[in-house]
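Notes to accompany the following structure.
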Amino acid sequence: MAPPRALFELLRGSGAGPGTKGVYWRGRLVTAIDGTMMCCPDTTANLRKYRRGGGHHGGTGYPMIRMLALVACGTRTIIDATFGSTSVGETTYTHHLLPALRAAGMILLADRNFAARDLIAAVAHTGADLLIRVKTGRKLPVCRRLGNGSYVSRIGPVEVQVINCEITITTDAGSRGEVYRLITTILDPDIPATEIIRLYHQRWEIETSFLELKSTILGGRVLRAKTPAGVDQEV
């Protein structure tokens with residue numbers, strides 16, 4: 001395991017220099033965090049550590065691995081990653097990646113699954129800013145109004161700006177809209193809310209990274225390793 005780990009430590013990072021375009025937003029490295037699932041061979045050894053996936057249609061016969069990654073959106077390169085059994089949830093694994101958030105100069109984008117109060121506080125404690133989607137029905141008290149049409153609220157010890165917006169998706173099949181509620185530790189009232197909404201679109205770059213991993217590198221196949229030690233090396 002030591003050589004693959006050493007190689008990962010050598011190659012991981014944003015892959016960007018200070019002048020690389022499309023990587024930074026107002027001096028902050030734009031990153032995203034999310035999880036994905038991979039399958040490994042259905043061997044007795046693997047089943048001791050990984051369990052088969054469930055579902056309404058019989059689930060999967062393969063043992064499944066949950067992987068969480070922190071990705072630089074502008075380059076779609078992995079800054080850090082962690083993985084293990086699906087018996088552990090995404091937000092628990094996320095705490096393993098928090099040391100990779102530098103004390104300042106980063107902003108973390110995440111979907112609403114990562115909007116837990118303790119996780120928001122943990123991210124803010126690193127010094128990095130955050131921009132996370134939350135459920136529209138979540139009650140967030142108004143502490144004060146901002147001039148850009150948003151308002152300031154508080155989640156636990158963290159003061160956040162709350163932005164409500166409607167996202168419209170247009171395809172050949174037509175258009176549909178959905179209301180998004182975003183929270184961010186960026187509290188500068190001079191930054192237009194529309195700029196922050198556009199920034200959140202970059203979160204989808206991590207989905208492209210996972211697509212490259214599973215469809216291009218793996219070709220849609222399961223992993224090859226028949227033992228947990230081999231799975232560790234392959235991931």
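The values are calculated or read from the model by the stated rules, or taken from the named source; none is laboratory data. Because the structure is predicted, anything quoted here is derived from the model rather than measured. Note that each Cβ is placed from the backbone with ideal geometry, even for glycine, and that neighbours are counted across all protein chains shown.
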Name the pairs: first residue in the range 163-180 and over 16 Å from residue 132 (Cα atoms), second residue basic (Lys, Arg) and assigned to a strand (DSSP E or B), Cβ to Cβ under 9 Å, at least 6 apart or on different chains? 168/176; 169/176; 170/176
Every listed condition ((1) farther than 10 Å from residue 183 by Cβ; (2) assigned to a loop (DSSP other than H, G, I, E, B); (3) within 24 Å of the chain's Cα centre (by Cα)) holds for residue 164 save (2)
Is one or more of the residues making up the range 35-55 over 18 Å from the mean Cα position of the chain (by Cα), in a strand (DSSP E or B) and modelled with pLDDT of 85 or more? yes
Check residue 231 against each of (1) touching a residue at least 12 places away in the same chain (Cβ under 8 Å); (2) assigned to a strand (DSSP E or B); (3) β-branched (Val, Ile, Thr) and name the one condition it does not meet. (2)
Out of curiosity, is residue 115 in contact with a His (Cβ under 9 Å, 6 or more places away or on another chain), touching a residue at least 12 places away in the same chain (Cβ under 8 Å) and either buried (at least 17 other Cβ atoms within 10 Å of the Cβ) or not aromatic (Phe, Trp, Tyr) (or both)? no
Among what's in the range 196-228 and is among the hydrophobic types (A, V, I, L, M, F, W, C) and over 14 Å from residue 38 (Cα atoms), pick the residue that is surrounded by the most Cβ atoms within 10 Å (Cβ to Cβ). 206
Quick one: count up the residues across the range 99-123 that are of a type outside the set (Asp, Glu), in contact with a strand residue (DSSP E or B) (Cβ under 7 Å, 6 or more places away or on another chain), closer than 21 Å to residue 78 by Cα and part of a loop (DSSP other than H, G, I, E, B). 2
Give me a count of the residues in the range 4-20 that are assigned to a loop (DSSP other than H, G, I, E, B) and touching a residue at least 12 places away in the same chain (Cβ under 8 Å). 6
Within the range 201-235, how many residues turn out to be modelled with pLDDT of 90 or more, of a type in the set (Ser, Thr, Tyr) and out of contact with any strand residue (DSSP E or B) (no Cβ under 6 Å at 6 or more places or on another chain)? 2
Considering only the range 80-94, I want to know if a residue exists there that is in a loop (DSSP other than H, G, I, E, B), over 12 Å from the mean Cα position of the chain (by Cα) and surrounded by 19 or more Cβ atoms within 10 Å (Cβ to Cβ). no
Would you check if there is a residue in the range 131-154 being closer than 30 Å to residue 38 by Cα, in contact with a helix residue (DSSP H, G or I) (Cβ under 7 Å, 6 or more places away or on another chain) and either outside any strand (DSSP E or B) or acidic (Asp, Glu) (or both)? yes
Please go through the range 140-153 and pick out each residue that is without any contact (Cβ under 8 Å) to a residue 40 or more places away in the chain and loosely packed, with under 12 Cβ neighbours inside 10 Å. 141, 142, 144, 145
